[in-house]
1. Condition first: more than 20 Å from T40 (Cα to Cα) and surrounded by fewer than 20 Cβ atoms within 10 Å (Cβ to Cβ). Now tell me which residues in region 64-79 satisfy that.
2. Pairs needed: first member in region 42-55, in contact (Cβ under 8 Å) with a residue 60 or more places away in the chain and part of a loop (DSSP other than H, G, I, E, B); second member anywhere, of a type in the set (D, E, K, R) and buried (at least 18 other Cβ atoms within 10 Å of the Cβ); C-beta distance under 9 Å; at least 6 residues apart or different chains.
3. Scan region 70-123 for residues that are in contact (Cβ under 8 Å) with a residue 24 or more places away in the chain and acidic (D, E) and jot them down.
4. Here are some residues: L192, L182. Which one is more than 16 Å from the chain's Cα centre (by Cα), crowded, with 16+ Cβ neighbours inside 10 Å and either at positive phi or modelled with pLDDT under 95 (or both)?
5. What number of residues within region 1-41 are surrounded by 15 or more Cβ atoms within 10 Å (Cβ to Cβ) and either assigned to a helix (DSSP H, G or I) or hydroxyl-bearing (S, T, Y) (or both)?
6. Having 3 or more residues that are under 29 Å from P22 (Cα atoms) is the bar; report the strands (runs of 3 or more DSSP E) wholly within region 103-202 that clear it.
7. Is there any pair with a first residue in region 5-21 that is in contact (Cβ under 8 Å) with a residue 60 or more places away in the chain and a second that is hydroxyl-bearing (S, T, Y) and not in a helix (DSSP H, G or I) whose Cβ atoms are under 8 Å apart and which are 6 or more apart or on different chains, and what are they?
8. So which of R110, R86, R129 is farther than 29 Å from D185 by Cβ, surrounded by fewer than 16 Cβ atoms within 10 Å (Cβ to Cβ) and more than 15 Å from the chain's Cα centre (by Cα)?
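The values are calculated or read from the model by the stated rules, or taken from the named source; none is laboratory data. From a predicted model like this one, the values you see are computed outputs, not experimental measurements. FYI the Cβ positions are ideal-geometry reconstructions off the backbone, even for glycines, and counts take in every protein chain you see.
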Amino acid sequence: MIFFTSDLHFGHEKIIRNCHRPFKDVEDMNSQLIENWNATVGSRDDIYILGDFALRLEMSTIHALLEQLKGRKHLIFGNHDHEIARHRYYFRDVLCSMNSLFMMRISGDRRLLLCHYPLMYWCGDYDDRFIHLYGHIHNNAHDMKWAWHLRNSYNVGVDVNDYRPVDLDTVLKKVAGHNAELPLDQCVNPPLSMRSDDFEISVSYPDPGSSLNDNSSD
């Protein structure tokens, strides 16, 4: 199976308060994130980490954390992955690949564009075959309101996915559900047939319970 996650922020104590994470301290957070990951991902699964794996930790500590996590791990660099980006050779035995941006084929002519940051436009964004996965914005209300207007996209960050990786099938279901609920006149990247000089967006915000970031199981 294929899984995705982002913004674990191992070792970052302030993220507990900033993102209202339900952990008593950073040790509890680290432990729970590892437990959730290993209860979800198998050793033969591929998992793509869309940035911000850890913050202000020594290389050896980051390496040890990666060793504890199941699956074949692939990292898309985020803004807090400086140590890994600078010393890629040190992590070659625990990371199968490292990229700043990555496009992957999932089935037939369908593609996923993986980036730490949410993008307003990407190659094929007007086509339902091209889906953009991102992180970075955590569960920030302001940023999530903006991202709600993106068709064919999904936030794989742990803060909106029950603090665990999310599998490909779930991602595709979430994207399809979001596309069905997003009115075209509220979409910043509508289908190509809708793009014209006369097209205008009337911006409105979704209900906080929108299915885009609904963490309940299907």
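1. Correct list: N79 only.
2. L50/D7; G51/D7; G51/D81; D52/D7; D52/D81
3. D81, E83
4. Matching residue, one of L192, L182: L182.
5. 14
6. 130-134, 153-155
7. T5/Y48; S6/Y134; R21/Y163
8. R86
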